[in-house]
Amino acid sequence: MAVPVPIDTHMRLASMRQIHCAIDHLHRGDYECAITLAGAAEGIMPDAWRPHFRQKVKAFAKTAEIQEVGGAIGENDYINWLKHGSLKRGGPRFETATIPAEESLVVVYRAITKYSAVYDDLSPQMLSYLSWAKVWLATGVNDR
């Protein structure tokens, strides 16, 4: 194992690397890691003035149909649970959670769309992920 050394980085590079690792984790089925890294990438980037997918997820989470379902209904519920053990900071803690495959797919997609909105650019890994996700969603085929 290599000896750790300090690195100089910046928000764009850090968020890109977090997204790339999130994609790798998602394909391995490490949904906790994929969601946590994608959520961190989304959070480290500056606010985007261009629209991106989180805004749609946030609006969808507030609809009456979603609110009636209960459980993990907020746009950041899984991200928060993975960071704090609860859906809201200081809220009741839950020992276990069931994370649907689609949740990790959506959180990674959110991070990628914010990256695109902020930096007007996508890496080859992000472009490949978007193509894969489109097929996965359209066919329900998971090629992990």
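The values are calculated or read from the model by the stated rules, or taken from the named source; none is laboratory data. Keep in mind that what you see is a predicted model, and the values were worked out from it rather than measured. For neighbour counting, all protein chains shown are included, and Cβ atoms are generated from backbone atoms with ideal geometry for every residue, glycine included.
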- Within the bounds of region 101-123, is there any residue that is of a type in the set (Asp, Glu), farther than 18 Å from GLY39 by Cβ and either surrounded by fewer than 17 Cβ atoms within 10 Å (Cβ to Cβ) or free of Cβ contacts under 8 Å to residues at least 24 places away in the same chain (or both)? yes
- Note on the structure: Considering region 15-67, residues that are basic (Lys, Arg) and modelled with pLDDT of 90 or more, and then whichever is nearest to the chain's Cα centre (by Cα), we arrive at ARG17
- Select from region 26-51 the residues that are closer than 20 Å to THR96 by Cα and either part of a loop (DSSP other than H, G, I, E, B) or not aromatic (Phe, Trp, Tyr) (or both) and list them in ascending order. LEU26, GLY29, ASP30, GLU32, CYS33, ALA34, ILE35, THR36, LEU37, GLY39
- Starting from region 13-37, take each residue that is closer than 12 Å to TYR129 by Cα and list its partners that are of a type in the set (Lys, Arg), counting only C-beta distances under 9 angstrom and pairs at least six apart or across chains. LEU26/ARG144; HIS27/ARG144
- Message: All but one of (1) exposed (fewer than 11 other Cβ atoms within 10 Å of the Cβ); (2) under 21 Å from ARG50 (Cβ atoms) hold for ARG89; state the number of the condition that does not hold.
- Response: (2)
